Amino acid sequence: MNQLLSDIQNLQQLDFSRPLTPVNDPALAEIGEALESLRVILKRYQSRMNEQLTDTVRNELVHLIAHELRNPLNSIIGFASLMIEESDITDEERIEYLSIIKQNGHSMNEMITRFLTAQHFDPTQDNSPH
């Protein structure tokens, strides 16, 4: 009886990792079996919810990264286009545009490096060599 109560407390704490201890008392055996079936179902449900959460977080992260990279990339494209299309750009303007392109390139590189570093240290990711 004490073990059954302990198992129920584990379930209440959302700990579905351990199989319940079989109940020796015939009067409680059916309850124990029902609780074990419930534990298995809840464990599967919890696993699916974690997978969905991981997918949601991953999708939001990809969206955020794409958005953050788009700003400096648009700046690089815009200033490079100006340099190609405008023939009357002064040397001073050209140096300024190239400086902006370089600065935005470094900004993108830093964002990508931070992302890759975070991916490397993320314990939920499989970082093993393929």
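Just one of (1) at pLDDT below 85; (2) surrounded by 14 or more Cβ atoms within 10 Å (Cβ to Cβ) trips up Arg114, so point out which. With (1) at pLDDT below 85; (2) surrounded by 14 or more Cβ atoms within 10 Å (Cβ to Cβ) applied to Arg114, the lone miss is (2).
Looking across Lys102, Lys43, one residue alone is modelled with pLDDT under 85 and of a type outside the set (Gly, Ala, Ser). It is Lys43. When every residue of region 46-61 is checked against the conditions, none turns out to be touching a Leu at 6+ places or on another chain (Cβ under 8 Å), β-branched (Val, Ile, Thr), part of a helix (DSSP H, G or I) and modelled with pLDDT under 85. Is there a residue in region 102-111 that is more than 21 Å from the chain's Cα centre (by Cα), surrounded by fewer than 13 Cβ atoms within 10 Å (Cβ to Cβ) and of a type in the set (D, E, K, R)? Scanning region 102-111, I find at least one residue that is more than 21 Å from the chain's Cα centre (by Cα), surrounded by fewer than 13 Cβ atoms within 10 Å (Cβ to Cβ) and of a type in the set (D, E, K, R), so the answer is yes. All of (1) surrounded by fewer than 11 Cβ atoms within 10 Å (Cβ to Cβ); (2) over 30 Å from Ala118 (Cβ atoms) hold for Leu35 with one exception: (1). If you scan region 16-32, which residues turn out to be surrounded by 13 or more Cβ atoms within 10 Å (Cβ to Cβ), assigned to a loop (DSSP other than H, G, I, E, B) and not β-branched (Val, Ile, Thr)? Correct list: Phe16, Leu20. Looking across region 69-95 at every residue that is in contact with a helix residue (DSSP H, G or I) (Cβ under 9 Å, 6 or more places away or on another chain) and acidic (Asp, Glu), the one that is farthest from Thr113 (Cα to Cα) is identified as Glu86.
The values are calculated or read from the model by the stated rules, or taken from the named source; none is laboratory data. Everything numeric here is computed off the predicted structure, so don't read it as measured data. Note: ideal-geometry Cβ built from the backbone for every residue, glycine included; neighbour counts use all protein chains shown.
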